[in-house]
Amino acid sequence: MNMLKLWGYAALLAILAIAATSCDTTDNNKPELELIPVNQVTVDGYTISLEAEKEPETGANTLYWKLEQNGNIITPQSISIQPMMDMGDMMHSAPYNQPKTAEEDDRYFKNMAVFIMPSGSMGSWTINFEITTPTDEMISGEIPVEVASSWKLTSVRDDNDKVYFITWYAPQKPVTGQNDLTFLIHTRESMMNFPAVEDLVLDVYPYMDMGGGSGHSTDFTNPVATGDGFYEGDINYSMSGTWTTSVVLVAANDTLPEVVFEYSVQAQ
Amino acid sequence: MRYLTFFILTLFWVEPALAQDLSIQLLDRNNQQPVIQAHIKDDTGTVITVSDVNGFFSINPKKYPHIVVSAVGYASKEVHLHPGLKSIYLKPQVFRDDTELLVVATGEDQNNVHAYHQRANTQNMDQFLDNIDGLSTNKRGAFAWEPVIRGQADQRMNLTIDGMQVFKACVDKMDPITSYVETSNLSKLHIDKSGSGVAENGSGNSTLDLVTQRAEHHPFSLQIQSAYRVPDNYRHLNLTTNISDPSGRNAVRFSGSYKKANDFTAGNDRTINNTQYEKLNLNASYKHTFRSGHSIEGNYITDKAYDVGYPALLMDATKALADIGQVQFNFASSDANFQLDKVQLYANTIRHWMDDYDRDVANRAVMRGMYMPMYGETVTYGTRMNGKAALLGHSFNWFLDGYASHAYGDMEMNSLDPEIEDMFIYNLRDVQTRNVGLGLKHQFRASDKILLKLEENIRYKSLDTGNESFASFFEGLYDRELDTRQKILLSASGSALWMLNDRWSLTGNLVYSERMGNHMELFGHYIYNYTDGFFYDGNPWLKTERTFNTDVNVTWETDRNSFSISLFHKQYFTYIDGILAEDVSSNDFKFKQYANVGDAVIMGGEFRSLNNINHVISLENRISYLYAQNQSLNEPLPLIPPLKGNSLIHLHHGKNMLMGEVEWAAAQNRVAETTSIEDQTEAFAVINLSFERKWMGSSLSSILEVNNLLDHYYHTHTSIGNIPEAGRNLMLSLRYNF
């Protein structure tokens, strides 16, 4: 009888173990801000540091500004910036917005800039800044930025030679499975003014060229305008590898030529 | 089965004679369980007595020195009584009604009308299953055919080894678990075509259970068997041994099998490339019987297959490994109101590698210009227990089981073009299946001639993926948030057996079942289906598939002859199948997603006759037919075999046995053209011959077989890719028993 009980208990325990649902191990830890230094200048005893989540590249970049004095981080009253590309015989800016206190870490100010060309023989980028310190001092200067070329920016022109800068805003690192798909679109009114375009219709089509003349698409939702030049949809990569996503802009019933982003999707 | 046997035989209850001189117990040779309600007859066939609930009967050996013992489910046995005789072992035989079909795979010395096993020792498992009426196989080459019961394969049937859940690791179904049990290790097949055994099978699905041979308490035995076949150069070597200690309390059995084959040749001397295989199978079991009557058994199977060609597929299996272990505790009988009969704990892991490095990938139609090595793995743990209980004067059988399984599968795609980045897909990632069920079985005797059986089962089943990224694919595809998918599933059956007289019986079953999609249907991703050429994605939100199955069976049986006709009708509701995903499909890549597509029906029947004309000649005929229709699309379901059958004649003379067989199938013109890419199949008939002779006092047996004698070039309708069957081949087998 003892043997009977032993085996009975063993089997019941096994069944209970199987019946038990898996633990919900939701990770509530907020990931810390991981920044890399981009450049640093010192003006009037203040050290202005520019940091970013990745090396600056063509397309959208989130820039983090930090002000220090005597090694102590201080919070400025305001920061005003303007990216500038010096091409020798001409200069132009880029789409950007002004820095605001970063929600994820209030020691930083944060802004977004869309570099529309890489640094190199054609020219170099600097960001002009004006900072109001906590003591109402005004400091200004410029900080050089090295911008690498990337696949995340392209442009297209309409029949009237109006240019549209199309930025692949998300996913920054495409992975297999569901990804937010966000484009950011600007146009150029002048060399210093690049307003967002909010009234476009986007027709996108992801495609995996698998070689041998064959390939296929994957599940996706066409992005739609959500304001400030953003167009949001989603894309669901079925596999890793090199994907292309074509984008056709329709502006006031005018269908512009197709542009194509080509990029690598990683398995996750 | 034993209990059903009990009830059947109670119809023929005869008060036992009161002679007390000799008390003898009847035992099942395979499991040493008592054989109850067996008929004990004298030389004239008059019933003297029957065995009691413990298998005992009493008899006066002086009055009846020679008896014949017969029991439903067992071979009749003639016994000469002597004073020291305490037990008689009966060999399990075919017990047949439409609810359950028990097929004995081990060889029998004597000829009888139940002849399924006649060629089992020289056949592999695939051929063995393919010869049973109501069963067919989906074929992808020469190896590991996928068993199908009444047109239902894979997720729509239960396929188990000793009741254990074993999930295949290959997402392309290259490794049906039947390949892990050699016929030499098969004790019996338990086939429940109607699925009415819901208390134990849990789902109401048709069930095929491979019951393995265990260690037996008898003196040392050793069997060596070898076979060689041309023209595919097939060679097979098998060694089986069993030994127990003098007390009989400890027994060990070991079996090893090695087989290897080259490409086979179809009719008209056409060599079919990529049909080679190599396989090693080892099986060890141990049994210890306690003084209390309890016993414990351990059983371990390891199976290694290498270089397995699949001409119907894009790839070949480079390696397939299976490790299947179990420990089972058998409890001695007791009179307690709540009794445990058996507790089984098991674990198994299946691993499968395949690739297409030996294929011309540059010129194929699908997945052109790339190599696609794939890997799959399943790990399953489970337990089963069953027993009897009595409550408020009603006794019933209970079955409790549970298992948890983890599945993984991936595929690389390495382009021949170095400029193209390698691609990678998770077909299954961290997919977990959990299942717990409780079943009850009740049997009632409505009258002297009518037995009723009711079974019910309640089951909790859940599936999920533990990987967020993998889950996000399905969330994006269906625009829903994914959590653990779980369902309570109910199934029930009612069966009636009407024994009109001692020859005619009528059986009826009504089965209701609920099925949750399996891990492939819910969480499979980018899985190529060779039957329709589509890539499939799972759907975690599939509704429960429900079925009503009705079947009837009429059997006429005597000691020498039997005829049996079975008819069935199975109605599917919310049938699970793939629907086209147009948005992502292209000319080269067509995708489907699983969905509940509507209703479907499968109906058909089987006919079987077994006739012993005399002690020299016996005949056997089997015919099966299926009609299967997708009612929503109003077209046939795919991979349904046509009208088919086989006829055998056995000629016995002394130590010689000659068997001739005609295996045939009608044309199949009912094909699925919307949901599949199958085509019509022509009729065929082939002739097989076998000659067996025993030598050296029956210690040595030789079997010479010629299959497809006329070298006919043909393929079955369930051969994926229309891969032809083997042409004329000749095999010589030798078996020696020490």
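The values are calculated or read from the model by the stated rules, or taken from the named source; none is laboratory data. Every value quoted in this text rests on a predicted model; they were computed, and no experiment measured them. FYI the Cβ positions are ideal-geometry reconstructions off the backbone, even for glycines, and counts take in every protein chain you see. Protein only, heavy atoms only, side chains kept; ligands, DNA and RNA dropped before computing areas. Shrake-Rupley method; radii C 1.70, N 1.55, O 1.52, S 1.80 Å.
I'd like to know if the range B:452-465 contains one or more residues that are farther than 26 Å from B:LYS193 by Cβ and more than 9 Å from every other protein chain (Cβ to nearest Cβ). Even if it seems obvious, please write down each step before you answer.
Of the residues in the range B:452-465, the ones farther than 26 Å from B:LYS193 by Cβ are B:460, B:462-465.
Retained after the next criterion (residues that are more than 9 Å from every other protein chain (Cβ to nearest Cβ)): B:463, B:465.
Yes, the range B:452-465 contains a residue that is farther than 26 Å from B:LYS193 by Cβ and more than 9 Å from every other protein chain (Cβ to nearest Cβ).
Only one of these is among the polar types (S, T, N, Q) and within 14 Å of chain A (Cβ to nearest Cβ): B:ASN611, B:ASN561, B:ASN587. Name it.
Numbers: B:ASN611 fails: within 14 Å of chain A (Cβ to nearest Cβ); B:ASN561 fails: within 14 Å of chain A (Cβ to nearest Cβ).
Result: B:ASN587 is the single residue among B:ASN611, B:ASN561, B:ASN587 that is among the polar types (S, T, N, Q) and within 14 Å of chain A (Cβ to nearest Cβ).
Residues checked against (1) modelled with pLDDT under 95; (2) open to solvent by 30 Å² or more (accessible area, probe 1.4 Å); (3) aromatic (Phe, Trp, Tyr):
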residue	(1), (2), (3)
B:ASN634	yes, yes, no
B:PRO642	no, no, no
B:GLY654	yes, yes, no
B:GLY660	no, no, no
B:ASN669	no, yes, no
B:ALA672	yes, no, no
B:THR681	no, no, no
B:ALA685	no, yes, no
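Can you find a residue that is of a type in the set (Phe, Trp, Tyr) and at pLDDT below 95 anywhere in the range B:559-574? Before you say what the answer is, go through the steps one by one.
Looking only at the range B:559-574, we keep the residues that are of a type in the set (Phe, Trp, Tyr), and these are B:563, B:568, B:572-573.
Narrowing further to those that are at pLDDT below 95: B:563.
Yes: one or more hits.
Which number in (1) modelled with pLDDT under 95; (2) assigned to a strand (DSSP E or B) marks the one condition that A:ASN28 misses?
Every condition holds for A:ASN28 apart from (2).
Only residues that are of a type in the set (Val, Ile, Thr), open to solvent by 50 Å² or more (accessible area, probe 1.4 Å) and more than 28 Å from A:GLN172 (Cα to Cα): list them for the range A:32-53, please.
Within the range A:32-53, the subset of a type in the set (Val, Ile, Thr) is A:36, A:38, A:41-43, A:47-48.
Subset that is open to solvent by 50 Å² or more (accessible area, probe 1.4 Å): A:36, A:42.
Once the filter is applied, which keeps residues that are of a type in the set (Val, Ile, Thr), open to solvent by 50 Å² or more (accessible area, probe 1.4 Å) and more than 28 Å from A:GLN172 (Cα to Cα), the range A:32-53 yields only A:THR42.
Residue-by-condition table, conditions (1) without any contact (Cβ under 8 Å) to a residue 60 or more places away in the chain; (2) touching a Lys or Arg at 6+ places or on another chain (Cβ under 7 Å):
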position	(1), (2)
B:ASN397	no, yes
B:LEU400	yes, no
B:SER405	no, no
B:ASP410	yes, no
B:GLU419	yes, no
B:LEU428	no, no
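Within the range B:326-337, restricting attention to residues that are of a type in the set (A, V, I, L, M, F, W, C) and at pLDDT 90 or above, which residue is farthest from the chain's Cα centre (by Cα)? Explain how you work it out, then say what you get.
Pass one, the range B:326-337, residues of a type in the set (A, V, I, L, M, F, W, C): B:327, B:329, B:331-332, B:336.
With at pLDDT 90 or above added as a condition, the list becomes B:327, B:329, B:331.
Working: B:VAL327: 21, B:PHE329: 23, B:PHE331: 26 Å.
Result: B:PHE331.
Which one is nearest to B:VAL171 (Cα to Cα) among residues in the range B:352-362 that are assigned to a strand (DSSP E or B) and open to solvent by 20 Å² or more (accessible area, probe 1.4 Å)?
Within the range B:352-362, the first condition is being assigned to a strand (DSSP E or B), and the residues that meet it are B:352-355.
The next check asks that each one be open to solvent by 20 Å² or more (accessible area, probe 1.4 Å); those that pass are B:353, B:355.
Details: B:TRP353: 11, B:ASP355: 13 Å.
Only one residue fits best here, namely B:TRP353.
Do any strands (runs of 3 or more DSSP E) entirely within the range A:83-177 hold 2 or more residues that are touching a residue at least 24 places away in the same chain (Cβ under 8 Å) and open to solvent by 40 Å² or more (accessible area, probe 1.4 Å), and if so, which? Give the steps one after another, and end with the answer.
Numbers: elements: A:109-115, A:124-132, A:138-145, A:153-157, A:163-170.
Passing ranges, in order: A:124-132, A:138-145, A:153-157.
Go through B:ASP307, B:ASP335, B:ASP341, B:ASP323 for me and flag whichever is in the same structural domain as B:THR178 (by TED's automatic domain parsing) and on the phi > 0 side of the Ramachandran plot.
Details: B:ASP335 fails: on the phi > 0 side of the Ramachandran plot; B:ASP341 fails: on the phi > 0 side of the Ramachandran plot; B:ASP323 fails: on the phi > 0 side of the Ramachandran plot.
Checking each option against the conditions leaves just B:ASP307.
Of all residues in the range B:297-341, which are touching a Pro at 6+ places or on another chain (Cβ under 9 Å) and under 26 Å from B:ASN273 (Cβ atoms)?
So the first thing to find is which residues in the range B:297-341 are touching a Pro at 6+ places or on another chain (Cβ under 9 Å), and the list is B:315, B:318, B:333.
B:MET315, B:THR318 - these are the residues of the range B:297-341 that are touching a Pro at 6+ places or on another chain (Cβ under 9 Å) and under 26 Å from B:ASN273 (Cβ atoms).
In the range B:369-408, what count of residues is obtained for those that are within 14 Å of chain A (Cβ to nearest Cβ), assigned to a loop (DSSP other than H, G, I, E, B) and open to solvent by 30 Å² or more (accessible area, probe 1.4 Å)?
0
Quick check on the range B:578-619: of everything there that is acidic (Asp, Glu) and surrounded by fewer than 21 Cβ atoms within 10 Å (Cβ to Cβ), which residue is farthest from A:TYR207 (Cα to Cα)?
Start the filter on the range B:578-619 by keeping residues that are acidic (Asp, Glu), which leaves B:582-583, B:588, B:599, B:606.
Filter once more, so that each one left must be surrounded by fewer than 21 Cβ atoms within 10 Å (Cβ to Cβ): B:582-583, B:588, B:599.
Numbers: B:GLU582: 14, B:ASP583: 11, B:ASP588: 13, B:ASP599: 35 Å.
Result: B:ASP599.
Name the one entry in B:THR433, B:THR349 that is buried (at least 21 other Cβ atoms within 10 Å of the Cβ) and either within 9 Å of chain A (Cβ to nearest Cβ) or at pLDDT 95 or above (or both). It would help to see each step written out before you state the result.
Working: B:THR349 fails: buried (at least 21 other Cβ atoms within 10 Å of the Cβ).
So the residue among B:THR433, B:THR349 that is buried (at least 21 other Cβ atoms within 10 Å of the Cβ) and either within 9 Å of chain A (Cβ to nearest Cβ) or at pLDDT 95 or above (or both) is B:THR433.
Are there strands (runs of 3 or more DSSP E) fully within the range B:166-248 with at least 3 residues that are open to solvent by less than 10 Å² (accessible area, probe 1.4 Å)? List them. Talk me through it step by step, then tell me what you get.
Working: elements: B:186-192, B:206-212, B:221-230, B:234-244.
Of the strands (runs of 3 or more DSSP E) lying wholly inside the range B:166-248, those with at least 3 residues that are open to solvent by less than 10 Å² (accessible area, probe 1.4 Å) span B:186-192, B:206-212.
Quick one: which strands (runs of 3 or more DSSP E) lie wholly within the range A:203-268 and hold at least 1 residues that are more than 10 Å from chain B (Cβ to nearest Cβ) and open to solvent by 50 Å² or more (accessible area, probe 1.4 Å)?
Values: elements: A:219-227, A:230-237, A:241-251, A:259-265.
Once the strands (runs of 3 or more DSSP E) in the range A:203-268 are filtered for at least 1 residues that are more than 10 Å from chain B (Cβ to nearest Cβ) and open to solvent by 50 Å² or more (accessible area, probe 1.4 Å), what remains is A:219-227, A:230-237, A:259-265.
Can you name the strands (runs of 3 or more DSSP E) wholly within the range B:266-339 that have at least 3 residues being crowded, with 21+ Cβ neighbours inside 10 Å, within 14 Å of another protein chain (Cβ to nearest Cβ) and out of contact with any Cys (no Cβ under 7 Å at 6 or more places or on another chain)? Spell out the reasoning first.
On the way: elements: B:277-289, B:295-308, B:316-330.
Fully inside the range B:266-339 and qualifying: B:316-330.
For the range B:520-536, state whether one or more residues are at negative phi, within 23 Å of the chain's Cα centre (by Cα) and crowded, with 23+ Cβ neighbours inside 10 Å.
There is at least one residue in the range B:520-536 that is at negative phi, within 23 Å of the chain's Cα centre (by Cα) and crowded, with 23+ Cβ neighbours inside 10 Å.
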